[in-house]
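In what follows, a structure is listed as structure tokens, so that the remarks can point back to it.
The values are calculated or read from the model by the stated rules, or taken from the named source; none is laboratory data. Note that this is a predicted model, so its numbers are computed, not measured. Cβ placement follows ideal geometry from the backbone for every residue including glycine, while neighbour counts extend to all protein chains displayed. Only protein heavy atoms, including side chains, enter the accessible area calculation; ligands, DNA and RNA are left aside. Shrake-Rupley method; radii C 1.70, N 1.55, O 1.52, S 1.80 Å.
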Amino acid sequence: MEIQLQIKMNDKLFLRDPEQSELGKKIILHSIQLIHKNGFEAFTFKKLAEAIGTTEAGIYRYFENKHRLLIYLTAWYWSWLEYQVTFQTNNIKDPVVKLKMVIKLLATTVENDIRTSNVDESILHQIIITEGSKAYLTKRISEDNKDHLFKPYKDLCAVIGNMILECNPRYKYPKSLASTIIEMAHFQNFFMNNLPSLTDFGKNKDEAEIVRFLEDLVFSSLHSAH
């Protein structure tokens, strides 16, 4: 029997829960594919409606606009990733090994999770790298934050921040370092593939080098803290 992984989403993100209908699930599945293929700027509900054989009005019944859909996708990804981080580090006692596992999860290609049939995490991970910051770099950030739309991202940072403190309880900046690791993992990947002169990884395009760089950055910071 196939186990389905259900992720509880903030109901302020949608007008109608896409997880509760076949059309809703198609909206999520195909929006990920279209945003990945054409980019968020070129993505429209009209194109999405054509791809899944429905009307624009049908999609607007689920999401207020395409930006709210992007926030939904990023929030879903952060919730899923927090689950992965917790699950994969659950039986690791050594905090250093645990933090290295998290860095690897953040900085390397994500595999598709077969327990989530309407989400392709490997493609969604690429969207997070290229489009994710557009979810919160907006004028509406304060209102969206009041609605707790970014809570999954904050929760993930808190989990990683606690792991950082396990490695060195005297370290003063666990939240800042946690969010820096996440953002840098994505920016360095984006730069490596698109603006290679901004990284030292443009030649080989090897994610393992990003992992080593982040490990060096994190553990140098933790060792120097008193």
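Brief remarks follow.
- Beyond 18 Å in Cα-Cα separation lie the following of the pairs LYS25/LYS47; LYS8/LYS154; LYS146/LYS172; LYS25/LYS146: LYS146/LYS172; LYS25/LYS146.
- Förster-model FRET efficiency, 35 Å R0, LYS37 and SER179, C-beta, rounded to 0.05: 0.75
- Label-point separation in nm, ASP113 to LEU217, each point 7 Å along Cα→Cβ: 2.5 nm
- Theoretical gain in end-to-end length, LYS66 to ILE7 [0.36 nm per residue, Cα-Cα removed]: 19.2 nm
- Estimated at 0.36 nm per residue, the fully extended path between HIS148 and MET101 surpasses their Cα-Cα distance by 14.1 nm.
- For the range 91-150, trypsin sites (Lys or Arg not before Pro) are listed when DSSP marks them as loop and at most 15 other Cβ atoms sit within 10 Å of their Cβ; the list is LYS93, ARG115, LYS139, ARG140.
- Per-residue packing, averaged as other Cβ atoms within 10 Å, sorts the ranges 205-215, 122-132 into the order 122-132, 205-215, beginning with the highest.
- Radius 13 Å from Cβ of ARG140, net charge of other residues (Lys, Arg +1; Asp, Glu -1): +1
- Point-charge dipole on Cβ atoms (K/R +1, D/E -1) for the range 1-80, about Cα centre, debye to 20: 140 debye
- Mean separation of Cα contacts under 8 Å, 6 or more apart, over the residue count of the chain: relative contact order %: 22 percent
- Nearest-0.05 FRET efficiency for SER122 and ILE52, computed from C-beta distance (R0 22 Å): 0.60
- Considering only LYS203, LYS175, LYS151, the mean-square fluctuation computed in a Gaussian network model of the chain, springs between alpha carbons under 10 angstrom, is largest for LYS203.
- One Cα centroid belongs to the range 17-50, the other to the range 65-83; the line between them spans 13 Å.
- Student exercise, the chain dipole from Lys, Arg, Asp, Glu Cβ charges, in Debye to nearest 20: 480 debye
- Rolling a 1.4 Å probe across all protein chains gives MET9 an accessible area of roughly 20 Å².
- Modelled spin labels at ASN162 and PHE87, positioned 7 Å past Cα toward Cβ, are 1.8 nm from each other.
- Heavy-atom accessible surface of the range 115-198, averaged per residue, reaches 50 Å², computed with a 1.4 Å probe.
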